[in-house]
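A short worksheet on the structure shown next.
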Amino acid sequence: MRIHVVTAFTDRPFAGNPAGVCLLPAGPWPQDAWMQRVAAEMNHSETAFALPLPASDEADWAIRWFAPLVETNLCGHATLATAHVLRTEHGVLGAVRFASRHSGVLVTHADASGGITLDFPAAPGTEVPVPDGLVGVLGTEPEATYRTGALGDLLTVLPDEATVRAVTPDLAAMAELTRRERLRGVIITAPPAGANAQQSQDCSYDFVSRFFSPAEGIREDPATGSAHTALAPYWSARLGRQRLTGFQVSARTGVIHTALHGDRVHLTGNAVTILDGTLRV
């Protein structure tokens, strides 16, 4: 069985967010414990397992995502990485429909030039009081915090890009906070340093972000597609534009183009294959 490592939301190696991708043979799912062990062995923020489905009107593949410690409900970069493998290894262009367990049917669209667009449900936030302990966890005072419904993240607005970049969170305390509040993770975000600031990866961008999910074994995720299902509605409402570019200012960085379409968000990015191998167990 083949397994791939693909870095998503970037057009160059060693940037963006690496994901494992395992295309399974037709048939039943492997045991959950086996997929969890493979994900722990890969030790990326997520490993995607995709299972081909019989011809149907609903979906072409079933997809599941595993972080090193748990199965997750939604993962953007690993879905983009899976669509990239289908294009590069199997010549699949255009739309691919993935049936997920918790987020319905997710559609990707791969074009010949390298871009891949994800069609995901939007996760607009509901403003909530700043949770107890968050200021100490981040080392800074948020301007506002929002819960993101089924996505399960806390969207935390900070005053500026420099503050987002400077945050060094207490990850052990953050893991306790997210477990207590029943959250997947914490998104921090702010406007850019200057209007559409020109930065690395040769892109201008409209907002910056970082994402942490230590309770799931993800200290800091480099480029998080699912978090942008909440970031896109927030920043589109704040800036009055439906199409935006987010720059995730992790050490590896990532670029995610967003377009709001009602209750859906289109997330567009590139991907690069880093490694192909054979899974022997």
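Structure summary
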item: Given (1) over 26 Å from GLU71 (Cα atoms); (2) touching a Phe, Trp or Tyr at 6+ places or on another chain (Cβ under 7 Å), number of the condition ALA227 does not satisfy; result: (1)
item: Any hit, region 187-194, residues being open to solvent by less than 10 Å² (accessible area, probe 1.4 Å) and within 25 Å of LEU106 (Cα to Cα); result: yes
item: Test for ASP119: is it among the acidic types (Asp, Glu), open to solvent by less than 70 Å² (accessible area, probe 1.4 Å), within 30 Å of LEU53 (Cα to Cα) and out of contact with any helix residue (DSSP H, G or I) (no Cβ under 9 Å at 6 or more places or on another chain); result: yes
item: THR278 being of a type in the set (Ser, Thr, Tyr) and more than 18 Å from THR126 (Cα to Cα); result: yes
item: Condition check for THR156: in a helix (DSSP H, G or I), of a type outside the set (A, V, I, L, M, F, W, C) and open to solvent by less than 20 Å² (accessible area, probe 1.4 Å); result: no
item: Single residue of region 208-252 satisfying the filter (more than 22 Å from THR126 (Cα to Cα) and of a type in the set (A, V, I, L, M, F, W, C)) that is surrounded by the fewest Cβ atoms within 10 Å (Cβ to Cβ); result: ALA251
item: Flag if ALA95 is open to solvent by 50 Å² or more (accessible area, probe 1.4 Å), among the aliphatic types (A, V, I, L, M), part of a strand (DSSP E or B) and closer than 29 Å to GLY149 by Cα; result: yes
item: Residue in region 210-227 that is under 18 Å from LEU118 (Cβ atoms), in contact (Cβ under 8 Å) with a residue 24 or more places away in the chain and more than 12 Å from the chain's Cα centre (by Cα) present; result: no
item: Residues of region 43-71 classified as touching a Lys or Arg at 6+ places or on another chain (Cβ under 6 Å) and outside any strand (DSSP E or B), total; result: 2
item: First in region 121-142 and at positive phi, second anywhere and hydrophobic (A, V, I, L, M, F, W, C), Cβ under 8 Å, 6 or more apart; result: GLY133/ALA173; GLY133/LEU177; GLY139/VAL167
item: Contacts under 8 angstrom Cβ, first residue in region 99-120 being over 15 Å from THR72 (Cβ atoms) and part of a strand (DSSP E or B), partner open to solvent by less than 50 Å² (accessible area, probe 1.4 Å) and of a type in the set (D, E, K, R), 6 or more apart; result: VAL107/ASP119; THR108/ASP119; HIS109/ASP119; ALA110/ARG87; ILE116/ARG87
item: Flag for ARG280 being of a type outside the set (Phe, Trp, Tyr), loosely packed, with under 13 Cβ neighbours inside 10 Å, free of Cβ contacts under 8 Å to residues at least 24 places away in the same chain and closer than 26 Å to THR47 by Cβ; result: yes
item: Some residue of region 22-42 being surrounded by 22 or more Cβ atoms within 10 Å (Cβ to Cβ) and in a loop (DSSP other than H, G, I, E, B); result: no
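This table checks each residue for (1) closer than 23 Å to GLY76 by Cα; (2) of a type in the set (A, V, I, L, M, F, W, C); (3) touching a Cys at 6+ places or on another chain (Cβ under 7 Å).
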| residue | (1), (2), (3) |
| --- | --- |
| ARG147 | yes, no, no |
| GLY152 | yes, no, no |
| ALA162 | no, yes, no |
| PRO169 | no, no, no |
| ALA173 | no, yes, no |
| ILE188 | yes, yes, no |
| ASP221 | yes, no, no |
| ALA232 | yes, yes, no |
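The values are calculated or read from the model by the stated rules, or taken from the named source; none is laboratory data. Because the structure is predicted, anything quoted here is derived from the model rather than measured. Note that each Cβ is placed from the backbone with ideal geometry, even for glycine, and that neighbours are counted across all protein chains shown. Side chains are part of the model used for accessible areas, which takes the heavy atoms of the whole protein and leaves out ligands, DNA and RNA. Shrake-Rupley method; radii C 1.70, N 1.55, O 1.52, S 1.80 Å.
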